[in-house]
Amino acid sequence: MYQLDHLKELEAESIFVIREVAAQFENPVLMFSGGKDSILMLYLARKAFYPARLPFPLLHVDTGHNFPETIAFRDELVEKWNLRLIVASVQDAIDRGLVHEERGIHASRNGLQTAVLLEAIEKHGFDAALGGGRRDEEKARAKERFFSHRDEFGQWDPKNQRPELWNLFNAKKQVGEHFRVFPISNWTELDVWQYLHREQVPLPSLYFAHERLCIERNGVLLADSEYLQKKPEETPATYKVRFRTIGDMTCTGAVLSEADTLEKVIEEIATTRITERGARADDKRSETSMEDRKKEGYF
Amino acid sequence: MHTELLRFTTAGSVDDGKSTLIGRLLYDSKAIHQDQYEAIEESSRRRGEEEVNLALLTDGLKAEREQGITIDVAYRYFSTPKRKFIIADTPGHIQYTRNMVTGASTANVALILMDARKGMLEQTRRHAIIASLLQIPHLLVCINKMDLTDYSEEVYEKLRDEFEAFAAKLDVKDVSYIPISALKGDNVVHRSENMPWYEGPTLIYYLENVHIASDYNFIDCRFPVQLVIRPNTDEFHDYRGYAGRVAGGIFKKGDEVMLLPSGFSSKIEAIDTYDGEVEEAFPPMSVVIRLENELDLSRGDMIVRPNNMPEVTQDLDLMICWFDNKPLRLRGKYIIQHTTRTARCLVKEIRYKMDINTLHRNLEDREIKMNDVARISLRTTQPLFVDPYSRNRITGSVILIDEATHQTVAAGMVI
Ligand SMILES: Nc1nc2c(ncn2[C@@H]2O[C@H](COP(=O)(O)OP(=O)(O)OP(=O)(O)O)[C@@H](O)[C@H]2O)c(=O)[nH]1
Ligand SMILES: [Mg+2]
């Protein structure tokens, strides 16, 4: 039977899209956060050009509030696969006065990433930024094209997107505009885990159950760290947790879990009643917080 | 682990209940997560609605929620033990027809909704025509809002006959009908107790069991080159491979091949992937093909078999769906993309415009405006390697792009 199973089909689609980026743009970059979707993207991109090297660099917008495990994992990969990494630092942007630190108990650097990302895109002249966004993550992302046009201010206009027919991607743009490209648009969270498992891709330890000091706030477990501002009554306690997504330490919620292997993680996800972004404070700020951020140029 | 994948799209006029139906389908098949449900519950309450508005599951944009309509296609994913589904929920509003075409272009099944009180409207017909042009193999006509017509069998039969008469003039192979209430859930996942006269399947049963033949052509070998892989490393010093995705046929190691446009012949030395060499490659695999001799071959060129060639031509005959505010310009020049090849083209002739209501060819009024369907002829600056769309959806499709605004202005299907 000449038929691919669904993971192979998704892989073939993503590789096709990644190669279209290399062919249709002059200066693309792969956005890399150190999370599982970024790791999958990087893995697929290496497959797309093998045996040649990855023809573009990675860009990490570093909030300075990362889990130390993420940074260690990132640096190890860069070293092992001989990659080019560009780090755009939010701390540096704060020091220069490009952006201002939020204050208060819910302060997060998540929103500050947009300005830093757009500055990096402009400074390096990137004309396409590959991202690991997936349509099943969030309702605004469910509306994304594979090739998503951004105007000269980096803005997304969801009411006026270009039609995208079949697998014919229109990458034409005016000077100063760029594209965001989402090769893993059609993957679900479960697809990602099943694939990473099948391909035996190494992952940061944060994704597996471990003991960690956390505080509970509005039903969400947040990892205790020097970056987290705590109310006096919030005293950290030890929980057995893992993370379903990895973002900024201050807004990425942990979930109680016993899943310490990929098999158990897959089992857990297949039966969960909560979406992976259900534990992210950055999405809970308002009904349309993702859409609002994306319009301004967020990932 | 071999899960079959079905891609389906919604279609039909504005407010006929497409988004509500998708919400109902996901809700009743328990594919909605708790936090998602709580979020739409909260939004519904804030909007002063009495019940939870299931359409909010796909209508996720602020503007959509304000206006209560779908503006752009939303993709949703769910699976049952039988199949995996990719759903494209598309807008019914005429202004956003281009987004409906976007969602429908990759679908195997189209659910065409009708409001039982209103019957067939112009957008119902337009979407049915588009679905037939795109050669979506199965249409399921969902006669919705049956709760508002007392679940009347008579109403259902009248609308079914009306659609049947229209579909007879279209090029569609398989049309089925189902009476539903998206709002109340009749015949979506649970069999309706209000319509004992209906003996056909529920929507979910249909989706799980409709026969899907492969989308792909496994006969005519077509390999559009995406890019050339040249590692220039010590380990792969003389390596040169052609990366691409198989668009048709089955390529095997050792096959005699012909290269277009040069017409040179060669042999496949190996088919590479990151996971090692493979013996054969078929659609939709992404691979790298190595040839026995070094030849001039680059992006936009095509590897085929010498005894089975696509048409190599600069003159194209197309059915198009026009998307732009500005009408199509006769003698106008546009950018054309076909597989991995980009060229320019000149509109030589507008043959006719299709009358959406009667399906007649309108030879008098040939001004092609936004959302029109027409037959046109083009001349391209370079030869393209095409097959009829009915034979191969990949090598038979093109898009036209405005040279000044860079907007995608038309979808075209080779006749
Ligand atoms: N009574 C009744 N109302 C329904 C039914 N299905 C949908 N509606 C209502 O019809 C209105 C429009 O529903 P939507 O699902 O938004 O329609 P749509 O087809 O997605 O509209 P567009 O995407 O804008 O083209 C809403 O008020 C729904 O509650 C039904 O089966 N019965
Ligand atoms: Mg809708």
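The values are calculated or read from the model by the stated rules, or taken from the named source; none is laboratory data. These numbers were taken from a predicted model, which means no experiment stands behind them. Backbone-built Cβ (ideal geometry, glycine too); neighbour counts: all protein chains shown. Note: accessible area is taken over every heavy atom of the protein model, side chains too, but ligands, DNA and RNA are not part of it. Shrake-Rupley method; radii C 1.70, N 1.55, O 1.52, S 1.80 Å.
Label zone of B:Gln314 (point 7 Å out along Cα→Cβ, amide N under 11 Å): in the stretch B:369-400 this covers B:379-384. The alpha carbons of the stretch A:200-299 occupy a box of 37, 34, 25 Å along the principal axes, longest dimension given first. For the stretch B:311-414, take every pair of Cα atoms, bin their distances at 5 Å starting from 0, and report each bin as a whole percent. All Cα pairs, binned at 5 Å, distribute as 3, 14, 25, 26, 18, 11, 3, 0 percent. In the structure shown, the pairs A:Lys264/B:Lys18; A:Lys143/A:Lys172; A:Lys159/B:Lys326 are assessed against 26 Å; a Cα-Cα span above that value is assigned to A:Lys264/B:Lys18.
Taking 31 Å as the limit for the C-alpha separation, the pairs B:Lys62/B:Lys145; A:Lys47/B:Lys267; B:Lys118/B:Lys169; A:Lys8/B:Lys145 exceed it in the case of A:Lys8/B:Lys145.
Most tightly packed first, judged by the mean number of other beta-carbon atoms within 10 Å of their residues, the peptides B:56-63, B:268-275, B:44-51 read B:56-63, B:268-275, B:44-51.
Angle of helix B:153-167 to the longest C-alpha principal axis of chain B, folded into 0 to 90 degrees and rounded to 10: 20°. A dipole drawn for chain B from +1 and -1 charges on Cβ atoms has a positive end, and of B:Thr273, B:Val228, B:Trp197 the residue lying farthest that way is B:Val228. With contacts taken as Cα pairs under 8 Å and at least 6 residues apart, chain B reaches a relative contact order of 12 percent. Put simply, the convex hull of the Cα atoms in chain B casts, on average, a shadow of 23.3 nm². Which of rounded, prolate, oblate describes the stretch B:33-128, given a ≥ b ≥ c as roots of the alpha-carbon gyration tensor eigenvalues and a/c under 1.5 marking rounded, otherwise prolate only if a/b is larger than b/c? Oblate.
Heavy-atom accessible area with a 1.4 Å probe sorts A:His149, B:His190, A:His178, largest first, into B:His190, A:His149, A:His178.
List the residue ranges in chain A for DSSP H helices whose C-alpha atoms run 30 angstrom or more along the long axis and whose Kyte-Doolittle average is 0.5 or above. What comes out of the filter, once short or polar helices are dropped, is none. Between the Cα long axis of helix B:34-46 and the first principal axis of chain B there is an angle of about 50°, rounded to the nearest 10.
Between amide H atoms placed 1.01 Å from N, distances below 5 Å from B:Asp186 occur with B:Ser181, all of them 5 or more places distant or on a separate chain. The listed residues A:His106, A:His124, B:His211 rank as B:His211, A:His106, A:His124 when sorted by accessible area, largest first, using a 1.4 Å probe.
Between the Cα long axis of helix B:122-133 and the first principal axis of chain B there is an angle of about 30°, rounded to the nearest 10.
Comparing B:Ala131, B:Ala165, B:Ala88 in a Gaussian network model of chain B where C-alpha atoms under 10 Å apart are linked, the largest mean-square fluctuation is found at B:Ala165. Which of A:Asn110, A:Asn186, A:Asn167 moves most in a GNM of chain A, Cα contacts under 10 Å? Comparing A:Asn110, A:Asn186, A:Asn167 in the GNM, the peak value goes to A:Asn167. Taking 12 Å as the cut-off, the amide N atoms of the stretch A:207-229 that come nearer than this to a point 7 Å along the Cα-to-beta-carbon line of A:Ala237 belong to A:214-217. In the complete set of protein chains, residue-level accessible area for B:Ile212 is approximately 30 Å², probe 1.4 angstrom. Based on the Kirkwood radius over alpha-carbon pairs, what value in µm²/s does the Stokes-Einstein equation return for the translational diffusion coefficient of the stretch B:308-354 at 4 °C and 1.567 mPa s? Roughly 103 µm²/s, to the nearest whole number. Taken along the Cα-to-beta-carbon direction at a fixed 7 Å, the label points for B:Glu157 and A:Asp95 span 8.1 nm. If you average the alpha carbon positions of the stretch B:249-264 and of the stretch B:185-247, how far apart do those two centres end up, in angstrom? So the two Cα centres are separated by 24 Å. Does the protein assembly as shown come out rounded, prolate or oblate, given a ≥ b ≥ c as the square roots of the eigenvalues of its C-alpha gyration tensor, rounded meaning a/c under 1.5 and, failing that, prolate meaning a/b above b/c? Judged from the Cα gyration tensor, the protein assembly as shown comes out oblate (a/c at least 1.5, b/c at or above a/b). Based on Cα contacts under 8 Å between residues 6+ apart, the stretch B:311-414 shows a relative contact order of 38 percent. Applying a DSSP loop filter and a limit of 15 other Cβ atoms within 10 Å to the GluC sites (Glu not before Pro) in the stretch B:196-253 leaves B:Glu199, B:Glu235. Solvent exposure of B:Cys345, expressed as accessible area, is near 10 Å², computed with a probe of 1.4 Å over the protein chains only.
The figure for B:Ser265 is an accessible area of roughly 80 square angstrom, using a 1.4 Å probe on the protein chains alone. Please work out whether chain A counts as rounded, prolate or oblate from its C-alpha gyration tensor, where a ≥ b ≥ c are the square roots of the eigenvalues and a/c under 1.5 means rounded, while otherwise a/b larger than b/c means prolate and anything else oblate? Note, shape of chain A comes out oblate.
Post the alpha-carbon centroid distance, the stretch B:1-71 to the stretch A:152-178, in whole angstrom. Each part reduced to its Cα centre gives a spacing of 26 Å.
DSSP loop trypsin sites (Lys or Arg not before Pro) in the stretch B:64-104 with at most 15 other Cβ atoms within 10 Å of their Cβ, which ones?
Numbers: sites: B:Arg65, B:Arg76, B:Lys82, B:Arg83, B:Lys84, B:Arg98; in loops: B:Lys82.
Passing sites in the stretch B:64-104 are B:Lys82.
Take each residue of peptide B:60-71, count the partner chain Cβ atoms within 10 Å of its Cβ, and average: the result is 4. Which percent, nearest 5, of DSSP beta bridges in the protein assembly as shown are antiparallel? Taking every DSSP beta bridge with both residues in the protein assembly as shown, the antiparallel ones total about 70 percent.
Our coupling estimate for the stretch B:172-189, obtained by passing each phi through the Karplus curve with A = 6.51, B = -1.76, C = 1.60 and θ = phi - 60°, is 10, 8, 9, 10, 10, 9, 8, x, 9, 10, 5, 5, 8, x, 5, 6, 8, 10 Hz, Gly and Pro reported as x. Each listed q (0.12 Å⁻¹) maps to a log10 I(q)/I(0) for the stretch A:140-247 from the Debye sum over equal C-alpha point scatterers, namely -0.72. What you get for the protein assembly as shown, charging only the Cβ of Lys and Arg (+1) and of Asp and Glu (-1), is a dipole of about 1440 debye around the Cα centre.
Let me know the mean shielding of B:226-238 by other chains, meaning the per-residue number of their Cβ atoms within 10 Å of its Cβ.
Partner-chain Cβ atoms within 10 Å, mean over residues of B:226-238: 3.
Shown in residue order for the stretch B:272-279 are the 3J(HN,Hα) couplings computed by the Karplus curve 6.51 cos²θ - 1.76 cosθ + 1.60 at θ = phi - 60°: 9, 9, 4, 8, x, 5, 10, 6 Hz (x for Gly and Pro). Its relative contact order, with pairs defined as Cα atoms under 8 Å and 6+ residues apart, puts the stretch A:149-299 at 24 percent.
Let me check something: with ligands and nucleic acids excluded, how do B:Tyr37, B:Tyr177 order by accessible area (1.4 Å probe), largest to smallest?
B:Tyr37, B:Tyr177
Taking only protein heavy atoms and a 1.4 Å probe, the accessible area of the stretch B:4-209 is 46% carbon and sulfur.
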